[in-house]
1. Filter the stretch 103-139 down to the residues that are more than 12 Å from the chain's Cα centre (by Cα), part of a helix (DSSP H, G or I) and either surrounded by 15 or more Cβ atoms within 10 Å (Cβ to Cβ) or of a type in the set (Gly, Ala, Ser) (or both) and list them by number.
2. Select from the stretch 32-41 the residues that are under 22 Å from Tyr73 (Cα atoms) and without any contact (Cβ under 8 Å) to a residue 24 or more places away in the chain and list them in ascending order.
3. Which ones in the stretch 1-17 are more than 20 Å from Arg131 (Cβ to Cβ) and surrounded by 15 or more Cβ atoms within 10 Å (Cβ to Cβ)?
4. Which residues, taken from the stretch 18-57, are in a loop (DSSP other than H, G, I, E, B), surrounded by 16 or more Cβ atoms within 10 Å (Cβ to Cβ) and under 11 Å from the mean Cα position of the chain (by Cα)?
5. In the stretch 58-93, what residues are part of a strand (DSSP E or B), surrounded by fewer than 15 Cβ atoms within 10 Å (Cβ to Cβ) and over 16 Å from the mean Cα position of the chain (by Cα)?
6. Go through the stretch 49-70 and count every residue that is in contact with a Phe, Trp or Tyr (Cβ under 8 Å, 6 or more places away or on another chain) and in contact (Cβ under 8 Å) with a residue 24 or more places away in the chain.
7. For the stretch 72-90, indicate whether the set of residues that are among the polar types (S, T, N, Q), in contact with a Lys or Arg (Cβ under 8 Å, 6 or more places away or on another chain) and at negative phi is non-empty.
8. Give the residues of the stretch 86-141 that are within 26 Å of Val15 (Cβ to Cβ) and of a type in the set (Phe, Trp, Tyr), sorted by residue number.
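Since every read-out is calculated from the coordinates, none of them should be taken as a lab result. These figures come from a predicted structure and were not determined experimentally. Every residue, glycine as well, gets a Cβ built from its backbone with ideal geometry; the counts of neighbours run over all protein chains shown.
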Amino acid sequence: MIEHAQFTIERRYDVSPAEVFAAWASVEAKSQWLSGPEDWVVEPLELDFRVGGRERSVGGPKGGPVSTYNAIYWDIVENERIVYTYEMLMDERRISITLATVQLRTDGDGTHLVIREDGAFFDELIDPTLREDGWGTLLDALGRVLEGG
């Protein structure tokens, strides 16, 4: 069984699009906000941020289950957009495949970010609304990193 789901989340940050873009493009910066809860065991983030490049993140609570994120970047326009696909695995079982787009626009003296995901979720292994909730938490963490917190 495949369940299709999509969502769009918007955020405004009080920094330039270049600063927001850099937080996605740098392994050091992205490692600060793209992570699970504090009690998770997380492997170092692997990031090759370029068209055709890949990203990999593995982690989970002590004792499991282990979540694996594998992404491929398809289109990158500096300070404007990022388009990628990714698969999520739970204990090496694929639970979803997603097309994600990130758009950045100048908004006064800040940045308006729009992320949209269109996903295929397999065999009722995950509730798609949890993915949207997870991204909301991650984008809030991104905001804290951008604010220097």
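1. Of everything in the stretch 103-139, just one residue is more than 12 Å from the chain's Cα centre (by Cα), part of a helix (DSSP H, G or I) and either surrounded by 15 or more Cβ atoms within 10 Å (Cβ to Cβ) or of a type in the set (Gly, Ala, Ser) (or both), namely Pro128.
2. Of the residues in the stretch 32-41, the ones under 22 Å from Tyr73 (Cα atoms) are 32-36.
Within the stretch 32-41, no residue meets the criteria.
3. Here is the first cut: in the stretch 1-17, the residues more than 20 Å from Arg131 (Cβ to Cβ) are 12-17.
Those that are more than 20 Å from Arg131 (Cβ to Cβ) and surrounded by 15 or more Cβ atoms within 10 Å (Cβ to Cβ): Tyr13, Val15, Ser16, Pro17.
4. From the stretch 18-57, those in a loop (DSSP other than H, G, I, E, B) are 26, 34-39, 43-45, 48-53; that's our starting set.
Those still in the list that are surrounded by 16 or more Cβ atoms within 10 Å (Cβ to Cβ) too: 34, 36, 45, 49.
Answer for the stretch 18-57, where residues must be in a loop (DSSP other than H, G, I, E, B), surrounded by 16 or more Cβ atoms within 10 Å (Cβ to Cβ) and under 11 Å from the mean Cα position of the chain (by Cα): just Leu34.
5. Answer for the stretch 58-93, where residues must be part of a strand (DSSP E or B), surrounded by fewer than 15 Cβ atoms within 10 Å (Cβ to Cβ) and over 16 Å from the mean Cα position of the chain (by Cα): Pro61, Val77, Arg93.
6. 7
7. Step one: list which residues in the stretch 72-90 are among the polar types (S, T, N, Q), which gives 79, 85.
Okay, now just the ones that are also in contact with a Lys or Arg (Cβ under 8 Å, 6 or more places away or on another chain), so none.
Scanning the stretch 72-90 turns up no residue that is among the polar types (S, T, N, Q), in contact with a Lys or Arg (Cβ under 8 Å, 6 or more places away or on another chain) and at negative phi.
8. Step one: of the stretch 86-141, the residues within 26 Å of Val15 (Cβ to Cβ) are 86, 100-117, 131-141.
Result: Tyr86, Trp135.
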